[in-house]
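One structure, as structure tokens, below. Some questions next.
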Amino acid sequence: MGLQSFTSKFSPLSSFRPFSKPPKFHTTVSCSLSHHLHYHHSSRQLPLLARTLSSTAAATLQPATATVSASPDGDKGVKAPQWKAAIDFKWIRDNKEAVAANIKNRNSNANLNLVLEIYDKFLNLQKEVERLRAERNVVANKMKGKLEPSERQKLIEEGKNLKDVLVTLEEELLKLTDELQQEAQSVPNMTHPDAPIGGEDSSTVRKLVGKPREFGFSVKDHVQLGKDLDLFDFDAAAEVSGSKFYYLKNEAVLLELGLVNWAVSEVMKRGFIPLMTPEIVRSSLVEKCGFQPRGTNTQVYSIEDSDQCLIGTAEIPVGGIHMGSILPESSLPLKYVAFSHCFRTEAGAAGAATRGLYRVHQFSKVEMFIFCRPEESDAFHGELIQIEEDLFSSLGLHFKTMDMATEDLGAPAYRKFDVEAWMPGLGRYGEISSASNCTDYQSRRLGIRYRPEPSSPPPKKGKGSSAPTQFVHTLNATACAVPRMIVCLLENYQEEDGSVVIPEPLRPFMGGLEVIAPKCK
């Protein structure tokens, strides 16, 4: 997993979790329960981006027979990786005090001592292998000259013995390499020095926008509003799919489509390239982005007997769009805004916060993603959170932006800002968005580099004329998580007569609809 120095902000450590099975498609699906081109914006209004579940996903998830069950890991031994991360273990060893403090501050279960122990064994064994290889070469060179038969036979035996020993040691060296990378996956990215240290309660407020609306009547939550206005059907969805699924009906459908089109349109004005992504990806890609598709309490739905998963966020397929690439510096920054459906197990979630649309297994989301040069990532992090604040302010929402504490950071995040909006029906703030700077944590695993352009033309072509490549930095942020936004809008814009007013910015994207009114009985 990615590690990053406080000074240069490069993550020398990435991780992997290997999969040995090739992708296969079966009729039984098991979900283990456990996110440079220059785009010129046109003033022409975008067509609706309405989309049902993609045909690939639908075909895979609607087989003749489908079962849902927990899928534990079988093999407890070390598996040979199908890909290797760019890991700088020397940096880790040389900065072990800072790495250890970071692990402690994040309340991570990473075992740094074990990583360093395996690394020392690796170095010692590597030196021995290199010594024996040199000795074998000496023996081979001696055999090129004229020798007595007895002397030649002696060298043959010596060479054979060296070969046998080398085969054994090289196998051990390969095994240590795999163990080293495997153990490193639990080590999180380094943390921004200004990030608050501690649990979620230690997170600090960066900005407070607006104030709660004062109601002259008893407010309803979004579940009651949806029932009264005939916008949702949770009961039918529970029969069809299970708990935490839903049908949107009537104006709620227009609201979802309007939110998606509005968010994409607004973000495109800021130079982002629109994408619609695959919603089934390889498990290895999920891991390279820093998620654990088959771990305990995973949020990822994995497809049984395959190396594929459903995405929990468009961050994953967008992160993979340039996987294994060396980008020209002139192409950076690459800024994307992606629409996708998202699927999450929500394992371990319980309580009032799970009621209604607040926490569901499937939802639509508009995600922003940036690939940039290392020295620019802090500034782009600020740009992403500013876009989020502008979007939510334009809808008249009351919210606060939080600088999240170390224990609340996901493994890839160097720093994360959350936006929490006031939800009067729930009587509390609820997270509606986040923006994370992952520095080079993901790019070191995804193999995404760029080649800096020389400050002056090289004297001549040939070896050494090109600048060495560097890893890009990646950032992600939510422009619109649709269900949470619907919760906010219904609860904040409800009227005493039971109707809900549509904020003005959304009306052009909803056919001019101004009010969701109670149905005539």
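Please sort 180-189, 445-454 by packing, taking for each peptide the average over its residues of neighbouring beta carbons within 10 angstrom, highest first.
Working: 180-189: 23.4, 445-454: 19.7.
My ranking of the peptides, most packed first, is 180-189, 445-454.
Once both labels are modelled 7 Å past Cα along the beta-carbon direction, what's the PHE215-MET143 spacing in nm?
About 8.7 nm, to one decimal.
Under a Cβ-Cβ cut-off of 12 Å, what is the net charge of the residues other than LEU397 that fall near it, where Lys and Arg count +1 and Asp and Glu count -1?
Here the charged neighbours net out to -1.
Give the Rg (one decimal place) followed by the Dmax (whole number) of the range 89-186, computed from C-alpha coordinates and expressed in Å.
20.2, 68
Follow-up. Taking the Cα centre of the range 89-186 as origin, sum charge times position over the Cβ atoms of Lys and Arg (+1) and Asp and Glu (-1), and report the length of that vector in debye to the nearest 20.
That gives the range 89-186 a dipole magnitude of about 340 debye.
Where Lys and Arg each count +1 and Asp and Glu each count -1, what net charge lies around VAL419 among other residues with Cβ under 12 Å from its Cβ?
That works out to -2.
I've got another one for you. What part of the accessible area of the range 89-186, given as a whole %, is carbon or sulfur when the probe is 1.4 angstrom?
Carbon with sulfur: 50 percent of the solvent-accessible area.
Hey, can you find the accessible area per residue of the range 89-186 for me, probe 1.4 Å, expressed in square angstrom? Intermediate values should be presented prior to the final figure.
Details: 6250 Å² over 98 residues.
For the range 89-186, the per-residue accessible area is 64 Å².
Separation between the ASN297 and VAL240 pseudo-spin-labels, each 7 Å from Cα along Cα→Cβ, expressed in nm?
3.2
Can you tell me, using C-alpha contacts under 8 Å and at least 6 residues apart, the relative contact order of the range 89-186 as a whole percent?
Reported as a whole number, the value is 42 percent.
How charged is the neighbourhood of ARG213? Take every other residue with its Cβ under 13 Å from the Cβ of ARG213, and add Lys/Arg as +1 and Asp/Glu as -1.
Net local charge, ARG213 excluded: -3.
Could you check how much of the accessible area of the range 360-427 is carbon and sulfur, as a whole percent, using a 1.4 Å probe?
Values: 700 of 1620 Å².
Carbon plus sulfur share of accessible area: 43 percent.
For the range 471-521, what does the relative contact order come out to in percent, with C-alpha contacts under 8 Å and a separation of six or more?
24
Picking from THR168, LEU132, VAL99, whose Cα lies most toward the positive end of the charge dipole for the range 89-186 (charges on Cβ: Lys, Arg +1; Asp, Glu -1)?
LEU132
Right, something else. Can you tell me which of 321-331, 426-436 comes out highest on packing, and rank the rest after it, using the mean Cβ neighbours within 10 Å?
Put in order of decreasing packing, that is 426-436, 321-331.
Let me ask something additional. Given a 1.4 Å probe, how much area per residue of the range 238-303 is accessible, in Å²?
About 39 Å² of surface per residue is accessible.
Here's a follow-up. Can you pick out the pairs among LYS121/LYS175; LYS104/LYS175; LYS207/LYS365; LYS142/LYS163 whose Cα atoms lie more than 19 Å from each other?
LYS104/LYS175; LYS207/LYS365
Now for a separate question. ARG507 versus GLU157, label points 7 Å from Cα toward the beta carbon: distance in nm?
9.8
The values are calculated or read from the model by the stated rules, or taken from the named source; none is laboratory data. Keep in mind it's a predicted model, so treat the numbers as computed, not measured. Note: ideal-geometry Cβ built from the backbone for every residue, glycine included; neighbour counts use all protein chains shown. With ligands, DNA and RNA removed, areas are computed over all heavy atoms of the protein, side chains included. Shrake-Rupley method; radii C 1.70, N 1.55, O 1.52, S 1.80 Å.
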